[in-house]
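Below is one structure, written out as structure tokens; the observations come after it.
The values are calculated or read from the model by the stated rules, or taken from the named source; none is laboratory data. No experiment lies behind these values; they were computed from the predicted model shown. Here Cβ is always computed from backbone atoms with ideal geometry, including for glycine, and neighbour counts include all displayed protein chains.
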Amino acid sequence: MKVFAIASASPALTPDLIKVHLPTEVPATLKLYLDGKVEQFWFREGSGPIFLMNVASVDEAKETLSKLPFVADKLMSYEFLPVAPLMPLGMLIQGK
């Protein structure tokens, strides 16, 4: 299942806290990418990352990201949006 995880930074997240957390946040995020949990990622200025996740469920996505340092310290939260292929496109294929 594919899930978009869209970050929102807490007002408590300051530049100093970013500097403190980045040395652990970046490797933890890279591990999720290498493990195949995060398939793609983007960044929104002032908000944080957007991940396209490859997980079994939205609950798995929530559990996975809850371990990231920014989330664990309540400095960032995520909105989770499950997505699927646009199935009506199959109707355009001749013979379907």
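Suppose we filter THR24, THR29 for residues that are in contact with a helix residue (DSSP H, G or I) (Cβ under 6 Å, 6 or more places away or on another chain), free of Cβ contacts under 8 Å to residues at least 60 places away in the same chain and over 27 Å from LEU86 (Cβ atoms); which single one remains?
On the way: THR29 fails: in contact with a helix residue (DSSP H, G or I) (Cβ under 6 Å, 6 or more places away or on another chain).
Just a single option satisfies the conditions, and that option is THR24.
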Item to complete: Could you grab the pairs with beta carbons closer than 7 Å, sequence gap of 6+ or different chains, first residue in the range 49-76 and closer than 26 Å to ALA12 by Cα and without any contact (Cβ under 8 Å) to a residue 60 or more places away in the chain, second one of a type in the set (Ser, Thr, Tyr) and assigned to a helix (DSSP H, G or I)?
Response: LEU68/THR29; PRO69/THR24; ALA72/SER66
Discussion item. Residues to consider are ALA9, ALA56; find the one that is among the small types (Gly, Ala, Ser) and either in contact with a helix residue (DSSP H, G or I) (Cβ under 8 Å, 6 or more places away or on another chain) or surrounded by 12 or more Cβ atoms within 10 Å (Cβ to Cβ) (or both).
Written reply: ALA9
Worksheet item: Looking at this structure, is LEU52 in contact with a strand residue (DSSP E or B) (Cβ under 8 Å, 6 or more places away or on another chain), part of a loop (DSSP other than H, G, I, E, B) and either farther than 15 Å from LYS2 by Cβ or at pLDDT 95 or above (or both)?
Response: no
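Given the condition assigned to a loop (DSSP other than H, G, I, E, B) and within 16 Å of PRO69 (Cβ to Cβ), answer yes or no: does some residue in the range 1-9 qualify? Don't jump to the end; show me each part of the working.
Residues of the range 1-9 assigned to a loop (DSSP other than H, G, I, E, B): 1.
Right, trim to within 16 Å of PRO69 (Cβ to Cβ) and you get none.
Among the residues of the range 1-9, not one is assigned to a loop (DSSP other than H, G, I, E, B) and within 16 Å of PRO69 (Cβ to Cβ), which makes the answer no.
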Practice prompt. Report the residue count in the range 23-42 for those that are assigned to a helix (DSSP H, G or I), touching a Phe, Trp or Tyr at 6+ places or on another chain (Cβ under 9 Å) and aliphatic (A, V, I, L, M).
Written response: 1
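Residues of the range 63-84 being out of contact with any strand residue (DSSP E or B) (no Cβ under 6 Å at 6 or more places or on another chain), surrounded by 14 or more Cβ atoms within 10 Å (Cβ to Cβ) and assigned to a helix (DSSP H, G or I), which ones?
If the condition is that a residue be out of contact with any strand residue (DSSP E or B) (no Cβ under 6 Å at 6 or more places or on another chain), surrounded by 14 or more Cβ atoms within 10 Å (Cβ to Cβ) and assigned to a helix (DSSP H, G or I), then THR64, PRO69, VAL71, ALA72 are the ones that fit.
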